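Asks: Before we start, here is the structure in question, set down as structure tokens.
The values are calculated or read from the model by the stated rules, or taken from the named source; none is laboratory data. The structure presented is a predicted model; accordingly, all values stated were derived computationally and were not measured. Note that each Cβ is placed from the backbone with ideal geometry, even for glycine, and that neighbours are counted across all protein chains shown. We work out accessible area using only protein heavy atoms, side chains counted, and drop any ligands, DNA or RNA first. Shrake-Rupley method; radii C 1.70, N 1.55, O 1.52, S 1.80 Å.
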Amino acid sequence: MSEHEQMAHEASARIAGAADLNALEAMRVEYLGKQGSISGLLKTLGKMSPDERQEKAPAIQSLRQTVADALTARKDELEAAELEARLATETLDLTLPAPAAPKGSVHPVSQVMDELAEIFADLGFAVATGPEIEDDWYNFTALNMPESHPARAMHDTFYFPDTAPKGGKMLLRTHTSPVQVRTMMAEGAPLRIIAPGRVYRSDSDATHTPMFHQIEGLVIDKGIHLGHLKWTLETFLKAFFETEDIVLRLRPSYFPFTEPSVEVDVGFAIENGKRILGGSGDEPGHGWMELLGSGMVNRRVIEFAGLDPDEWQGFAFGVGVDRLAMLKYGMDDLRAFFDGDTRWLSHYGFSPFDQPTLSAGVGAKA
Ligand code: PHE
């Protein structure tokens, strides 16, 4: 065996026995690194005479190739072994229970809005919308509240500095009533809509938040009268609260955009300190709770919206969605609705999966 073959033999044996990748790398440096022994041999070729080089070069090249191949082979082996070892320790136990995935829930306000949309859909009402950043004209003027009308002061309005296209300032709508005007202007008559959405007033305590939710109702047709309003409200409240035992009291009131205006109260009894809807509020131990504002649409509003009030009449109502949710589902602090506390939501919220129907529907017996 030549000297070079002897070297190749020894090196291959050592490399094949390298215990791990670090040891192997040390050997690579020892043989083929810049200062390595085989690199040293290769460098001597440059100083040889052409004849000598021709004689010695093949043996040295072959030595280098043998060692390089041995290094690659051992490296593959060691890496495969390392992978095996890792796979052995990292096995998955598929019988272990999976960690619970967090499940979202439907906010009570969304739930109630969906229920109301469903109930009013049964009564032939479409859903209409309007902007929350509103023009003074739609929020006030067209609703028969000209500038300096005292009713404006009752709304604690958030104004923007920007001038509105139709005069006055832009503002955050204080009620959903501007959608009445927008829809009449866009769609004309006859009309049967509800308009759910956020409204804003600068007010904050246990029963008031600066942002809250209303649903507006509007019917415009021929020969509409207060009886239609009363039947519609009764039918919707019975369906919503899922009881036939709903007694309403209509009280004269004032809104600039309805004439006459009617405040609607619902009778309740007190059981174990809790208000339970049902019965006349005039019975002993009972009371009346203010529920919503409504009335026959003021002729002036119908005119502002470009319709002829001698031809078209209608009724409108506006009801607080948050208040309805509190009443139906027994929540007592309005502020918690908008705290974003997921514990509150998982307590009062609704599963998006367990509710195949949203409400009992119109005319269903409780
Ligand atoms: N927009 C009134 C409010 O926010 C409620 C209302 C709506 C009253 C429609 C009458 C008719 O107080």
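Asks: Using the structure shown, decide if residue 184 is over 17 Å from residue 256 (Cα atoms) and not in a strand (DSSP E or B).
Replies: yes
Asks: Also, I was wondering about something else. Just the residues that are open to solvent by 60 Å² or more (accessible area, probe 1.4 Å), at negative phi and touching a residue at least 60 places away in the same chain (Cβ under 8 Å), please, taken from the range 238-251.
Replies: 244
Asks: Could you say whether any residue in the range 42-63 is touching a residue at least 24 places away in the same chain (Cβ under 8 Å), farther than 30 Å from residue 337 by Cα, open to solvent by 80 Å² or more (accessible area, probe 1.4 Å) and out of contact with any Ser or Thr (no Cβ under 8 Å at 6 or more places or on another chain)?
Replies: No, there is no match, as no residue in the range 42-63 is touching a residue at least 24 places away in the same chain (Cβ under 8 Å), farther than 30 Å from residue 337 by Cα, open to solvent by 80 Å² or more (accessible area, probe 1.4 Å) and out of contact with any Ser or Thr (no Cβ under 8 Å at 6 or more places or on another chain).
Asks: Given the conditions (1) closer than 28 Å to residue 113 by Cβ; (2) surrounded by fewer than 17 Cβ atoms within 10 Å (Cβ to Cβ), which single one is not true for residue 291?
Replies: (2)
Asks: Which one of the conditions (1) open to solvent by 40 Å² or more (accessible area, probe 1.4 Å); (2) away from the ligand (no atom under 15 Å from the Cβ); (3) among the hydrophobic types (A, V, I, L, M, F, W, C); (4) within 30 Å of residue 336 (Cα to Cα) does residue 186 fail to meet, given that it meets all the rest?
Replies: (4)
Asks: Are there any pairs with C-beta distances below 8 angstrom linking a residue in the range 271-298 that is under 18 Å from residue 329 (Cβ atoms) to a residue that is open to solvent by 70 Å² or more (accessible area, probe 1.4 Å) and β-branched (Val, Ile, Thr), with the two at least 6 apart or on different chains, and if so which?
Replies: 276/270
Asks: Shifting gears a bit: Among the residues of the range 125-137, which ones are open to solvent by less than 30 Å² (accessible area, probe 1.4 Å) and of a type outside the set (A, V, I, L, M)?
Replies: 125, 130, 134, 135, 136
Asks: So, one more: Just to be sure, is residue 303 open to solvent by 20 Å² or more (accessible area, probe 1.4 Å), in contact with a helix residue (DSSP H, G or I) (Cβ under 8 Å, 6 or more places away or on another chain) and under 17 Å from residue 140 (Cβ atoms)?
Replies: no
Asks: Please enumerate the residues belonging to the range 123-146 that are at pLDDT below 95 and part of a strand (DSSP E or B).
Replies: Listed by number, the list is empty, since nothing qualifies.
Asks: Restricting the first residue to the range 209-234 and requiring it to be free of Cβ contacts under 8 Å to residues at least 60 places away in the same chain, which pairs with a second residue that is hydroxyl-bearing (Ser, Thr, Tyr) and within 14 Å of the ligand (Cβ to nearest atom) meet a Cβ separation below 8 Å and a spacing of at least six or different chains?
Replies: Note: pairs meeting the criteria are 210/200.
Asks: Let me ask something else about it. Looking at the range 252-262, can you tell me whether even one residue there is among the hydrophobic types (A, V, I, L, M, F, W, C) and surrounded by fewer than 19 Cβ atoms within 10 Å (Cβ to Cβ)?
Replies: No, that holds for no residue.
Asks: Continuing with this model, one more query. Condition first: of a type in the set (A, V, I, L, M, F, W, C), outside any helix (DSSP H, G or I) and more than 14 Å from the ligand (Cβ to nearest atom). Can you find one or more residues in the range 205-215 that meet it?
Replies: Within the range 205-215 (the criterion being of a type in the set (A, V, I, L, M, F, W, C), outside any helix (DSSP H, G or I) and more than 14 Å from the ligand (Cβ to nearest atom)), the answer is yes, since at least one residue qualifies.
Asks: Let me ask you something else. Any residue at all in the range 95-109 that is within 29 Å of the chain's Cα centre (by Cα), under 30 Å from residue 192 (Cα atoms), hydrophobic (A, V, I, L, M, F, W, C) and assigned to a helix (DSSP H, G or I)?
Replies: yes
Asks: Could you say which residue among 120, 160 is open to solvent by less than 80 Å² (accessible area, probe 1.4 Å), farther than 20 Å from residue 303 by Cα, within 16 Å of the ligand (Cβ to nearest atom) and outside any loop (DSSP other than H, G, I, E, B)?
Replies: Unique residue meeting the criteria: 120.
Asks: Only one residue in 152, 201, 192 is of a type outside the set (A, V, I, L, M, F, W, C) and within 11 Å of the ligand (Cβ to nearest atom), so which one is that?
Replies: When all the criteria are applied, what remains is 201.
Asks: Then there is this: Can you give me the ranges of the strands (runs of 3 or more DSSP E) entirely in the range 225-323 with at least 3 residues that are away from the ligand (no atom under 16 Å from the Cβ) and under 22 Å from residue 207 (Cα atoms)?
Replies: Fully inside the range 225-323 and qualifying: 258-271, 274-277, 286-297.
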